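The structure under discussion appears below in the form of C-alpha coordinates.
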Amino acid sequence: MSDLLVERTDATVTLTIHRPAALNALTGELLEDLRRCVAEAAGDPAVRAVVITGCGQKAFSAGADLNEITALGADLARARELMARGQAALREIERAPVPVIAAVNGLALGGGFELVLASTFAVLSTRASLGLPESGLGLIPGYGGTQRLPRAVGQRVAAHLMLTGTRLSADRAHALGLTPVPPVAPDELLPTAASIAGTIASRGPLAVRAILRAVEAARDLPLDEGLSTETELAARAIVSAESTEGVAAFAERRTPVFPNPED
(Lines give C-alpha, C1' and ligand atoms only; values in the text may rest on other atoms or scores of the structure.)
Protein backbone atom coordinates (compact mmCIF):
# COMPACT_ATOMS: atom_id res chain seq x y z
CA MET A 1 0.00 0.00 0.00
CA SER A 2 2.91 2.32 -0.84
CA ASP A 3 0.56 4.68 -2.73
CA LEU A 4 -1.31 5.53 0.49
CA LEU A 5 0.39 6.58 3.71
CA VAL A 6 -1.48 6.12 6.99
CA GLU A 7 -0.70 8.10 10.14
CA ARG A 8 -2.51 8.16 13.47
CA THR A 9 -2.27 11.18 15.77
CA ASP A 10 -4.46 11.12 18.87
CA ALA A 11 -8.03 10.61 17.61
CA THR A 12 -7.31 11.50 13.96
CA VAL A 13 -6.18 9.23 11.13
CA THR A 14 -4.48 11.01 8.21
CA LEU A 15 -4.40 9.31 4.81
CA THR A 16 -1.90 10.75 2.33
CA ILE A 17 -2.17 9.85 -1.35
CA HIS A 18 1.44 9.16 -2.34
CA ARG A 19 1.93 9.07 -6.11
CA PRO A 20 3.95 12.26 -6.62
CA ALA A 21 5.25 11.29 -10.07
CA ALA A 22 1.63 10.93 -11.26
CA LEU A 23 0.35 14.01 -9.40
CA ASN A 24 -1.39 11.61 -7.00
CA ALA A 25 -3.65 10.21 -9.74
CA LEU A 26 -6.25 7.73 -8.52
CA THR A 27 -6.17 4.12 -9.68
CA GLY A 28 -8.96 1.68 -8.95
CA GLU A 29 -6.71 -0.06 -6.42
CA LEU A 30 -5.90 3.22 -4.69
CA LEU A 31 -9.58 4.12 -4.41
CA GLU A 32 -10.21 0.73 -2.84
CA ASP A 33 -7.34 1.31 -0.40
CA LEU A 34 -8.85 4.69 0.55
CA ARG A 35 -12.25 3.08 1.07
CA ARG A 36 -10.81 0.30 3.22
CA CYS A 37 -8.66 2.62 5.35
CA VAL A 38 -11.57 4.98 6.00
CA ALA A 39 -13.73 1.98 6.97
CA GLU A 40 -11.03 0.65 9.30
CA ALA A 41 -10.59 4.06 10.92
CA ALA A 42 -14.34 4.46 11.36
CA GLY A 43 -14.48 1.01 12.95
CA ASP A 44 -12.05 2.07 15.68
CA PRO A 45 -14.03 3.63 18.55
CA ALA A 46 -11.06 5.82 19.47
CA VAL A 47 -10.91 7.47 16.03
CA ARG A 48 -13.03 10.61 15.81
CA ALA A 49 -12.02 11.99 12.36
CA VAL A 50 -10.16 11.15 9.15
CA VAL A 51 -8.12 13.60 7.07
CA ILE A 52 -7.31 12.83 3.41
CA THR A 53 -4.61 14.80 1.61
CA GLY A 54 -2.06 14.45 -1.18
CA CYS A 55 1.71 14.39 -0.86
CA GLY A 56 3.69 17.45 -1.91
CA GLN A 57 2.44 20.90 -2.80
CA LYS A 58 1.39 20.34 -6.43
CA ALA A 59 -1.63 18.09 -6.16
CA PHE A 60 -4.25 16.66 -3.87
CA SER A 61 -5.05 14.41 -6.83
CA ALA A 62 -5.00 15.34 -10.51
CA GLY A 63 -7.74 12.81 -11.25
CA ALA A 64 -8.23 9.24 -12.36
CA ASP A 65 -5.18 7.49 -13.78
CA LEU A 66 -5.51 7.95 -17.56
CA ASN A 67 -3.24 4.97 -18.25
CA GLU A 68 -5.72 2.75 -16.47
CA ILE A 69 -8.63 4.28 -18.39
CA THR A 70 -7.03 4.05 -21.83
CA ALA A 71 -6.05 0.42 -21.15
CA LEU A 72 -9.76 -0.41 -21.13
CA GLY A 73 -9.94 0.27 -24.87
CA ALA A 74 -13.45 -0.35 -26.20
CA ASP A 75 -14.36 -2.88 -23.48
CA LEU A 76 -17.67 -1.47 -22.22
CA ALA A 77 -18.12 -4.09 -19.49
CA ARG A 78 -14.71 -3.38 -17.96
CA ALA A 79 -15.27 0.38 -18.21
CA ARG A 80 -18.60 0.04 -16.47
CA GLU A 81 -17.02 -2.11 -13.74
CA LEU A 82 -14.22 0.42 -13.11
CA MET A 83 -16.69 3.30 -12.80
CA ALA A 84 -19.03 1.31 -10.55
CA ARG A 85 -16.20 0.30 -8.22
CA GLY A 86 -14.96 3.88 -7.98
CA GLN A 87 -18.46 5.19 -7.30
CA ALA A 88 -18.99 2.55 -4.60
CA ALA A 89 -15.71 3.44 -2.90
CA LEU A 90 -16.53 7.15 -2.79
CA ARG A 91 -20.08 6.45 -1.67
CA GLU A 92 -18.79 4.46 1.29
CA ILE A 93 -16.36 7.26 2.17
CA GLU A 94 -19.24 9.76 1.90
CA ARG A 95 -21.33 7.66 4.29
CA ALA A 96 -18.57 7.04 6.85
CA PRO A 97 -19.78 7.37 10.46
CA VAL A 98 -16.88 9.70 11.28
CA PRO A 99 -16.11 13.01 9.53
CA VAL A 100 -13.79 12.76 6.54
CA ILE A 101 -11.95 16.04 5.93
CA ALA A 102 -10.28 16.64 2.56
CA ALA A 103 -7.16 18.79 3.00
CA VAL A 104 -6.64 20.06 -0.55
CA ASN A 105 -3.06 21.19 -1.12
CA GLY A 106 -3.00 21.74 -4.90
CA LEU A 107 -4.73 20.36 -7.97
CA ALA A 108 -7.99 18.52 -7.31
CA LEU A 109 -9.17 17.62 -10.78
CA GLY A 110 -11.51 14.97 -12.15
CA GLY A 111 -11.57 12.08 -9.71
CA GLY A 112 -9.61 14.14 -7.21
CA PHE A 113 -12.37 16.76 -7.14
CA GLU A 114 -14.93 13.97 -6.93
CA LEU A 115 -13.12 12.64 -3.84
CA VAL A 116 -13.34 16.14 -2.34
CA LEU A 117 -17.07 16.25 -3.10
CA ALA A 118 -17.54 12.90 -1.35
CA SER A 119 -15.82 14.11 1.82
CA THR A 120 -17.75 15.57 4.73
CA PHE A 121 -16.15 18.93 3.97
CA ALA A 122 -12.87 20.32 2.66
CA VAL A 123 -10.14 22.67 3.83
CA LEU A 124 -8.31 24.34 0.94
CA SER A 125 -4.82 25.72 0.56
CA THR A 126 -4.58 29.00 -1.30
CA ARG A 127 -2.82 26.94 -3.98
CA ALA A 128 -5.81 24.66 -4.47
CA SER A 129 -7.39 24.47 -7.90
CA LEU A 130 -10.52 22.37 -8.44
CA GLY A 131 -12.26 21.28 -11.61
CA LEU A 132 -13.89 18.58 -13.69
CA PRO A 133 -12.10 18.83 -17.06
CA GLU A 134 -13.23 15.46 -18.46
CA SER A 135 -15.31 16.86 -21.34
CA GLY A 136 -12.11 18.19 -22.93
CA LEU A 137 -10.93 14.58 -23.22
CA GLY A 138 -14.23 13.29 -24.56
CA LEU A 139 -15.06 11.90 -21.11
CA ILE A 140 -17.47 12.79 -18.33
CA PRO A 141 -17.03 12.67 -14.55
CA GLY A 142 -17.72 9.08 -13.56
CA TYR A 143 -17.09 8.89 -9.80
CA GLY A 144 -20.17 10.86 -8.77
CA GLY A 145 -19.22 14.34 -9.96
CA THR A 146 -22.27 14.82 -12.18
CA GLN A 147 -24.50 14.10 -9.17
CA ARG A 148 -22.68 15.68 -6.22
CA LEU A 149 -21.54 18.93 -7.81
CA PRO A 150 -25.08 20.07 -8.78
CA ARG A 151 -26.23 19.28 -5.25
CA ALA A 152 -23.38 21.39 -3.88
CA VAL A 153 -23.47 24.47 -6.13
CA GLY A 154 -26.69 24.21 -8.15
CA GLN A 155 -27.40 22.78 -11.57
CA ARG A 156 -26.48 25.80 -13.69
CA VAL A 157 -23.13 26.44 -12.06
CA ALA A 158 -22.30 22.72 -12.11
CA ALA A 159 -23.25 22.37 -15.77
CA HIS A 160 -21.06 25.34 -16.69
CA LEU A 161 -18.09 24.00 -14.76
CA MET A 162 -18.35 20.53 -16.32
CA LEU A 163 -19.14 21.67 -19.86
CA THR A 164 -16.30 24.19 -19.99
CA GLY A 165 -13.78 22.48 -17.72
CA THR A 166 -13.36 25.73 -15.80
CA ARG A 167 -11.07 25.46 -12.80
CA LEU A 168 -12.05 27.01 -9.49
CA SER A 169 -9.54 28.88 -7.40
CA ALA A 170 -9.61 28.31 -3.66
CA ASP A 171 -11.32 31.66 -3.12
CA ARG A 172 -14.00 30.92 -5.74
CA ALA A 173 -14.60 27.46 -4.29
CA HIS A 174 -15.08 29.04 -0.87
CA ALA A 175 -17.48 31.62 -2.31
CA LEU A 176 -19.53 28.81 -3.88
CA GLY A 177 -19.77 27.00 -0.55
CA LEU A 178 -17.49 24.10 -1.48
CA THR A 179 -15.44 24.69 1.68
CA PRO A 180 -16.76 26.04 5.02
CA VAL A 181 -13.54 27.86 5.94
CA PRO A 182 -11.51 30.50 4.07
CA PRO A 183 -8.46 29.16 2.20
CA VAL A 184 -5.30 28.97 4.27
CA ALA A 185 -1.60 29.30 3.51
CA PRO A 186 -0.03 26.04 2.28
CA ASP A 187 1.99 25.52 5.47
CA GLU A 188 -1.16 26.00 7.53
CA LEU A 189 -3.29 23.47 5.63
CA LEU A 190 -2.62 20.32 7.63
CA PRO A 191 -2.45 22.14 11.00
CA THR A 192 -5.83 23.72 10.21
CA ALA A 193 -7.36 20.39 9.22
CA ALA A 194 -5.89 18.79 12.36
CA SER A 195 -7.25 21.59 14.53
CA ILE A 196 -10.76 21.14 13.09
CA ALA A 197 -10.47 17.39 13.58
CA GLY A 198 -9.41 18.00 17.17
CA THR A 199 -12.42 20.23 17.78
CA ILE A 200 -14.70 17.51 16.45
CA ALA A 201 -12.89 14.95 18.61
CA SER A 202 -13.79 16.99 21.69
CA ARG A 203 -17.51 16.75 20.96
CA GLY A 204 -19.77 13.86 21.89
CA PRO A 205 -18.79 11.03 19.50
CA LEU A 206 -22.29 9.56 19.36
CA ALA A 207 -23.70 13.03 18.69
CA VAL A 208 -21.19 13.50 15.86
CA ARG A 209 -22.21 10.20 14.31
CA ALA A 210 -25.89 11.09 14.67
CA ILE A 211 -25.34 14.46 12.98
CA LEU A 212 -23.62 12.74 10.06
CA ARG A 213 -26.59 10.40 9.71
CA ALA A 214 -29.02 13.31 9.86
CA VAL A 215 -27.07 15.23 7.22
CA GLU A 216 -27.09 12.13 5.02
CA ALA A 217 -30.87 11.98 5.43
CA ALA A 218 -31.11 15.63 4.40
CA ARG A 219 -29.11 14.81 1.29
CA ASP A 220 -30.93 11.63 0.31
CA LEU A 221 -34.50 11.79 1.66
CA PRO A 222 -37.59 13.95 1.22
CA LEU A 223 -38.03 16.52 4.02
CA ASP A 224 -40.70 14.64 5.98
CA GLU A 225 -38.62 11.45 6.03
CA GLY A 226 -35.56 13.44 7.01
CA LEU A 227 -37.44 15.04 9.89
CA SER A 228 -38.54 11.60 11.09
CA THR A 229 -34.91 10.50 11.05
CA GLU A 230 -33.95 13.61 13.02
CA THR A 231 -36.69 12.97 15.59
CA GLU A 232 -35.39 9.46 16.28
CA LEU A 233 -31.75 10.50 16.42
CA ALA A 234 -32.47 13.51 18.65
CA ALA A 235 -34.58 11.45 21.05
CA ARG A 236 -31.86 8.82 21.36
CA ALA A 237 -29.32 11.56 22.05
CA ILE A 238 -31.49 13.04 24.81
CA VAL A 239 -31.65 9.78 26.76
CA SER A 240 -28.00 8.82 26.24
CA ALA A 241 -25.31 8.71 28.90
CA GLU A 242 -23.31 10.97 26.60
CA SER A 243 -25.82 13.81 26.92
CA THR A 244 -26.02 13.26 30.68
CA GLU A 245 -22.29 13.88 30.87
CA GLY A 246 -22.42 16.82 28.47
CA VAL A 247 -25.21 18.61 30.30
CA ALA A 248 -23.65 17.93 33.72
CA ALA A 249 -20.29 19.27 32.54
CA PHE A 250 -21.97 22.41 31.20
CA ALA A 251 -23.73 23.00 34.53
CA GLU A 252 -20.53 22.38 36.47
CA ARG A 253 -18.47 24.56 34.12
CA ARG A 254 -15.99 21.82 33.30
CA THR A 255 -14.82 20.06 30.16
CA PRO A 256 -16.97 17.01 29.43
CA VAL A 257 -15.32 13.59 29.35
CA PHE A 258 -17.01 11.62 26.59
CA PRO A 259 -16.19 7.91 26.43
CA ASN A 260 -15.45 6.21 23.12
CA PRO A 261 -18.68 4.90 21.54
CA GLU A 262 -18.10 1.25 22.40
CA ASP A 263 -16.53 1.74 25.86
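The values are calculated or read from the model by the stated rules, or taken from the named source; none is laboratory data. If you're wondering where the values come from, they're calculated on a predicted model, not measured in any experiment. The protein model used for the area step is the full one, side chains on, heavy atoms only, and it has no ligands, DNA or RNA in it. Shrake-Rupley method; radii C 1.70, N 1.55, O 1.52, S 1.80 Å.
On C-alpha positions alone, give me the angle between the axis of helix 155-164 and the longest principal axis of the chain, in degrees, nearest 10.
40
Please identify, among S61, S169, S135, the residue showing maximal mean-square fluctuation in a Gaussian network model of the chain using a 10 angstrom Cα cutoff.
Maximum among the listed residues: S135.
Defining a contact as two alpha carbons under 8 Å apart and six or more residues distant in sequence, what relative contact order in percent does the range 1-127 show?
Result for the range 1-127 is 27 percent.
Please work out the Cα convex hull volume for the range 123-202 and give it in Å³ per residue. Display every interim value, and only then the final one.
On the way: hull volume 8.3 nm³, N = 80.
Each residue corresponds to 103 Å³ of Cα convex hull volume.
Per-residue ellipticity at 222 nm for the chain, helices alone: DSSP H runs ≥ 4 residues times -39500 (n - 2.57), over residue total, nearest 500 deg cm²/dmol?
That comes out to -15000 deg cm²/dmol.
Roll a 1.4 Å probe over the protein chains and send me the accessible area per residue for the chain in Å².
Numbers: 13490 Å² over 263 residues.
Heavy-atom accessible area per residue stands at 51 Å².
Counting pairs of alpha carbon atoms under 8 Å apart in space and at least six apart in sequence, what relative contact order in percent does the chain give?
Relative contact order comes out at 16 percent.
Give me D for the chain in µm² s⁻¹, whole number, from Stokes-Einstein with Rh from the Kirkwood sum over alpha-carbon pairs, 10 °C and 1.306 mPa s.
83
Looking only at the chain, where both bridge partners belong to it, what percent of the DSSP beta bridges are antiparallel (to the nearest 5)?
Of those bridges, close to 30 percent are antiparallel.
Give the angle, between 0 and 90 degrees and rounded to the nearest 10, that separates the Cα long axis of helix 223-238 from the longest principal axis of the Cα atoms of the chain.
40
Please give the helix 76-94 orientation as an angle from the longest Cα principal axis of the chain, in degrees from 0 to 90, rounded to the nearest 10.
30
Please express the shape of the range 170-224 as an equivalent ellipsoid: the semi-axes are the square roots of 5 times the eigenvalues of the C-alpha gyration tensor, given largest first in whole angstrom.
26, 19, 6
Assuming 0.692 mPa s and 37 °C, estimate D for the range 1-115 with Stokes-Einstein, Rh taken as the Kirkwood radius over Cα pairs, in µm²/s.
For the chosen part, D equals 229 µm²/s.
Convert 20 °C to kelvin, take the viscosity as 1.002 mPa s, use the Kirkwood radius over C-alpha pairs of the range 67-186 as Rh, and evaluate the Stokes-Einstein diffusion coefficient in µm²/s, rounded to a whole number. Write out the running numbers ahead of the final one.
Numbers: Rh = 14.8 Å.
Here the translational diffusion coefficient equals 145 µm²/s.
Could you please state how large a percent of the accessible area of the range 110-171 is carbon and sulfur, counting protein chains only and using a 1.4 Å probe? Walk me through the numbers on the way to the answer.
Values: 1490 of 2760 Å².
It is 54 percent, rounded to a whole number.
Express the relative contact order of the range 110-188 as a whole percentage, based on alpha carbon pairs under 8 Å and six or more residues apart in sequence.
On the way: 118 pairs, mean separation 33.8, N = 79.
That works out to 43 percent.
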